[in-house]
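Take this structure first; my questions come after.
The values are calculated or read from the model by the stated rules, or taken from the named source; none is laboratory data. Everything numeric in this text was worked out from a predicted model, so none of it was measured. Here the Cβ is made from the backbone with ideal geometry for all residues, glycine too, and neighbour counts use every protein chain on show. SASA here: full protein model, heavy atoms, side chains in, ligands and nucleic acids out. Shrake-Rupley method; radii C 1.70, N 1.55, O 1.52, S 1.80 Å.
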Amino acid sequence: MAKIGFIGMGNMGLAIMKGLLKSVQPEEILFSSAHEDRMEKITAETKVPHVSSNAECAKQAKYLILAVKPQVLPTVFAEIKDTVTRDQVIVSIAAGYSIADLTEGLGGDVRVVRSMPNTPAMVGEGMTGVCYDAGLFTEEEKKTVEEIFTSFGKMELVDEKLMDVVGSASGCSPAYVYMFIEALADGCVRNGLPRKMAYRMAAQAVLGSAKMVLETGLHPGELKDMVCSPGGTTIEGVAALEECGFRGAIIKACDANYQKNKKLK
């Protein structure tokens, strides 16, 4: 039995696989996908073998990662529910599906890990929220789950009731950050900075600022205050952002994707 199997090989599945390949040999992984050409290409690139059906992938994997979109899950359930067993660890990355939903869809007698990774996994800086019933898994299995998710970034164990909020905190938020970087660069280009330079400087500022939050342990508001000199240029910009509802817009975005997550199934 292969150690880790993937059903689905989109951008997120591939990012997780590439993270694992830093510490796991290609022959310890296998995958299946609906697209034969993509499977051939990924196997050629990574040396990871693929199989022709989802049921075959499920049959061979101890840890089975369902790396498909929520709308595809019912089809996958139908294909593998008679194949998966309680000896396996089933990991889902789909939004909106609870552990109970996943367990029911897979026939009832399975052990499920629910997760919400994000696209920065593609550069080894992913943030994944993970939940499961710890009493159902061995210490070795829990350690392997952690190794899977920390192979491409960081992981936080959360209560399942908070998983839809994790979608706001890390799942959807990269899109908002990219929009901020784009807008910040546009503002600088408007005032004369070359486009490529503006993107580099804006992106590095975001990267450095995030690192300050993570490594100093200081409150983001305190770090903001350190930049805002009395009567200076930064506080002028902060005031303009507040006048335009900057914080309120972000909070509304979080509310919107939270509500959408709850309706996905």
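I need a count of the residues in the range 78-98 that are open to solvent by 30 Å² or more (accessible area, probe 1.4 Å) and either free of Cβ contacts under 8 Å to residues at least 12 places away in the same chain or of a type in the set (A, V, I, L, M) (or both).
So the answer is 1.
Any residue in the range 31-44 that's closer than 17 Å to residue 16 by Cα: show its pairings with residues that are of a type in the set (Asp, Glu) at Cβ separation under 9 Å, as long as the two are six or more apart or on different chains.
Note: pairs meeting the criteria are 32/56.
When you check residue 168 against the structure, is it in contact with a Phe, Trp or Tyr (Cβ under 9 Å, 6 or more places away or on another chain) and on the phi < 0 side of the Ramachandran plot, yes or no?
yes
Specify the residue that is surrounded by the fewest Cβ atoms within 10 Å (Cβ to Cβ); the eligible residues are those in the range 129-170 that are polar (S, T, N, Q) and within 16 Å of residue 90 (Cβ to Cβ).
138
To continue, here is another question. Residues to consider are 184, 193; find the one that is surrounded by 12 or more Cβ atoms within 10 Å (Cβ to Cβ) and outside any helix (DSSP H, G or I).
193
Conditions tested, residue by residue: (1) closer than 24 Å to residue 154 by Cα; (2) among the charged types (D, E, K, R).
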residue	(1), (2)
170	yes, no
205	yes, no
223	yes, no
243	no, yes
252	no, yes
256	no, no
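Oh, and also: Restricting attention to helices (runs of 4 or more DSSP H) lying wholly within the range 1-77, give those where 2 or more residues are touching an Asp or Glu at 6+ places or on another chain (Cβ under 7 Å) and crowded, with 20+ Cβ neighbours inside 10 Å.
So the answer is none; nothing clears 2.
Continuing with this model, one more query. List the number of the failed condition for residue 144; all other conditions in (1) among the hydroxyl-bearing types (Ser, Thr, Tyr); (2) in contact (Cβ under 8 Å) with a residue 60 or more places away in the chain; (3) over 21 Å from residue 16 (Cα atoms) hold.
(3)
Out of (1) in contact (Cβ under 8 Å) with a residue 60 or more places away in the chain; (2) touching a helix residue (DSSP H, G or I) at 6+ places or on another chain (Cβ under 9 Å); (3) more than 17 Å from residue 261 (Cβ to Cβ), what's the single condition that is false for residue 157?
Going through the list (1) in contact (Cβ under 8 Å) with a residue 60 or more places away in the chain; (2) touching a helix residue (DSSP H, G or I) at 6+ places or on another chain (Cβ under 9 Å); (3) more than 17 Å from residue 261 (Cβ to Cβ), residue 157 breaks only (1).
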